[in-house]
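*Asks:* The structure is given below, and queries will be raised subsequently.
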Amino acid sequence: MYEYIKGQIVSLTPTYAVIDVHGIGYNILISLQTYSKLADTAEAKLYINQIVREDANLLYGFHNEDERQIFRLLINVNGVGPNTALMMLSSLSADEIRTAILKEDANTLKGVKGIGLKTAQRIIVDLKDKVTTTGASTELFSKIAGYQQREEALSALVALGFAKAPVEKTLDKLLKQADNYTVEGLIKAALKQM
């Protein structure tokens with residue numbers, strides 16, 4: 001099993017890279033996220049996930065270990081193969097996939113080509129407890145915390161009789177300005193602006 005491959009980029013396309021390591025060219029399948037990181041470089045270090053099938057020995061490469069971790073979790077979900085997982089990582093970043101799973105946002109996941117509602121729901125159910133914020137950016141932590149506070153504040157304000165759409169707009173505006181609101185503080189600030 002390979003951990004990573006480091007060498008000169010011989011060929012780079014949005015779907016694969018050929019990396020020369022001491023005269024051996026490795027054809028490595030990559031996501032668009034990884035492609036964008038490699039676009040202006042001559043040398044690359046890709047974290048590898050090797051999949052050996054009866055008819056092929058495939059190498060999937062990722063710019064960082066976090067992206068590879070999400071890939072490995074996704075391919076363990078029934079109905080999600082390596083190509084589908086790579087498509088997901090081409091459409092969404094590792095943080096966006098993690099956030100969608102933690103927020104149980106099936107719509108974001110089914111927005112990826114080849115992912116239907118049932119598959120998106122299965123991904124959420126299977127990975128909700130396995131996906132952690134380890135390796136995630138601090139921005140992701142604040143998004144998740146802000147989302148929970150937003151949902152609680154939204155429920156409270158709708159229960160008070162306010163229309164949902166304007167409340168959502170106001171809460172989103174407040175959370176963009178500062179993400180350190182408590183639920184009570186968020187409700188009070190929203191009431192002042194409505």
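The values are calculated or read from the model by the stated rules, or taken from the named source; none is laboratory data. Predicted, not measured: the structure shown is a model, and the values here were computed from it. Here the Cβ positions follow ideal geometry from the backbone for every residue, glycine too, while neighbour counts run over all protein chains shown.
*Asks:* Can you tell me which residue is surrounded by the most Cβ atoms within 10 Å (Cβ to Cβ) among those in region 26-69 that are touching a helix residue (DSSP H, G or I) at 6+ places or on another chain (Cβ under 7 Å) and either in contact (Cβ under 8 Å) with a residue 60 or more places away in the chain or of a type in the set (D, E, K, R) (or both)?
*Replies:* Filtering first and then ranking leaves E67.
*Asks:* Taking the condition of a type in the set (S, T, N, Q), surrounded by fewer than 17 Cβ atoms within 10 Å (Cβ to Cβ) and out of contact with any strand residue (DSSP E or B) (no Cβ under 9 Å at 6 or more places or on another chain), does N76 pass?
*Replies:* Here the answer is yes, as N76 does meet what is asked.
*Asks:* Hey, among T34, T15, T84, T41, which residue is hydroxyl-bearing (S, T, Y) and in the same structural domain as T108 (by TED's automatic domain parsing)?
*Replies:* Matching residue, one of T34, T15, T84, T41: T84.
*Asks:* If you check every pair at least six apart or on different chains, which have Cβ atoms under 6 Å apart with a residue in region 1-25 that is over 24 Å from M87 (Cβ atoms) first and a residue that is loosely packed, with under 12 Cβ neighbours inside 10 Å and not aromatic (F, W, Y) second?
*Replies:* G7/V21; Q8/E43
*Asks:* Could you go through region 93-104 and let me know if any residue there is without any contact (Cβ under 8 Å) to a residue 60 or more places away in the chain, of a type in the set (K, R), under 16 Å from V131 (Cβ atoms) and surrounded by fewer than 22 Cβ atoms within 10 Å (Cβ to Cβ).
*Replies:* Within region 93-104, one or more residues are without any contact (Cβ under 8 Å) to a residue 60 or more places away in the chain, of a type in the set (K, R), under 16 Å from V131 (Cβ atoms) and surrounded by fewer than 22 Cβ atoms within 10 Å (Cβ to Cβ).
*Asks:* Within region 163-180, how many residues are more than 13 Å from E151 (Cβ to Cβ), surrounded by 13 or more Cβ atoms within 10 Å (Cβ to Cβ) and at pLDDT below 80?
*Replies:* 1
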